[in-house]
Structures are given as C-alpha cells and as structure tokens.
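Only the coordinates and a few stated rules stand behind these numbers; no lab work does. Remember, it's a predicted structure, so these values are computed and weren't measured experimentally.
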Amino acid sequence: MDGFTFSVPVRVRFADTDAQGIAHNSAYLVWFEVARVEFLERYAGGYQRLRDSGIESFVLEAHTRFLKPARFDDRLLVHARCHLARGARFRFDYVVERNGATIADGWTEHAAVDATTLRPTRLPSWLVDAIATAEASTSPA
C-alpha cells in the first residue's frame with residue numbers, strides 16, 4: 001500500500017457482524033485501534049510507555065469511509081500511519097484491505113492530555129521523534 005509501511009492482519013469475527021453477516025461499522029474503529037496500538041508498540045515502545053510517562057491519548061475525531069462490506073471470516077489487512085504530530089495533537093490514517101483491494105479507509109485525530117488533570121499537554125519529544133522516524137521510512141527516496 002503506497003504511503004504505508006505498517007500493517008496488521010485482522011480476521012472478521014462473528015461478533016463483528018450484524019444480522020446480515022456484514023461487519024458492523026463500529027468494528028472498523030476497533031480495527032483502527034488495533035493497528036494504532038501495534039504501530040505505537042513497533043515504533044514508540046508501546047502505548048503503555050506513554051501512560052507510564054503520565055500522559056493519556058484521547059480520540060478527538062474519527063472518520064471512516066466504507067467502500068465495500070467486510071464479512072464474517074474475511075482476512076483483512078489494516079494499514080496505519082501517523083503524522084501531523086504537533087503540540088498536543090497527532091493523527092492516524094488507515095486503509096483496510098481485503099485480498100489487495102481497499103474496502104475502507106479513515107482517520108482518527110488524537111490529543112495528549114495529562115493523566116491527572118486531563119488538560120492538554122505537549123507530546124513527549126521521544127514520541128514525536130519515533131513518529132518522524134517511522135514516517136520517514138514511507139517517504140519516497
């Protein structure tokens with residue numbers, strides 16, 4: 001997938017589907033979270049590292065565009081990338097593929113907050129650096 005170097009496999013569970021056997025729209029946000037947490041694990045030492053430094057990450061906005069339905073037992077690949085890490089905010093983009101074809105895409109916008117006060121706080125430099133390093137590998141040479 002152009003512009004993405006990270007992906008995580010996801011299998012559509014029966015619990016993810018509605019009465020018609022189609023993956024419910026809410027499942028996509030869960031799959032986005034799975035990819036986001038794995039991305040942070042690979043490139044930034046994990047989400048727990050952020051929490052251990054006294055910072056939480058809230059989802060401010062989420063958007064999903066559904067192009068084709070996913071069904072029970074489909075094997076999907078969820079691509080994720082992080083960018084726009086400035087101040088207290090950062091954004092993840094996602095593409096969901098089945099057999100090489102895009103079936104959905106979307107994004108989530110996040111804010112870092114102090115875990116005690118829940119007030120916005122700057123992203124730690126180690127996280128900004130880790131995101132920049134991860135995303136530099138997606139840039140054309």
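Please report the relative contact order for the chain, taking Cα pairs under 8 Å with a sequence separation of at least 6, and give it as a percent rounded to a whole number.
Normalised by residue count, the contact order of the chain is 28 percent.
Of all the C-alpha pairs in the range 46-98, what % are more than 16 Å from each other?
Of the Cα pairs, 59 percent sit more than 16 Å apart.
Express in whole angstrom the spacing between the alpha-carbon centres of the range 1-27 and the range 33-87.
The range 1-27 and the range 33-87 have Cα centres separated by 13 Å.
Consider just the alpha-carbon atoms of the range 92-138 and return their Rg together with their Dmax, both in angstrom.
Spelled out, the Cα radius of gyration and Dmax of the range 92-138 are 15.1, 45 Å.
Using a Gaussian network for the chain with springs between C-alpha atoms less than 10 Å apart, which of these wobbles most: F92, F14, F32?
F14
Working only with C-alpha atoms, what are the Rg and Dmax values of the chain, expressed in angstrom?
15.7, 47
When each pair of different Cα atoms in the range 1-84 is counted once in the 1/r mean, what is the Kirkwood radius in angstroms, to one decimal?
That comes to 14.3 Å for the range 1-84.
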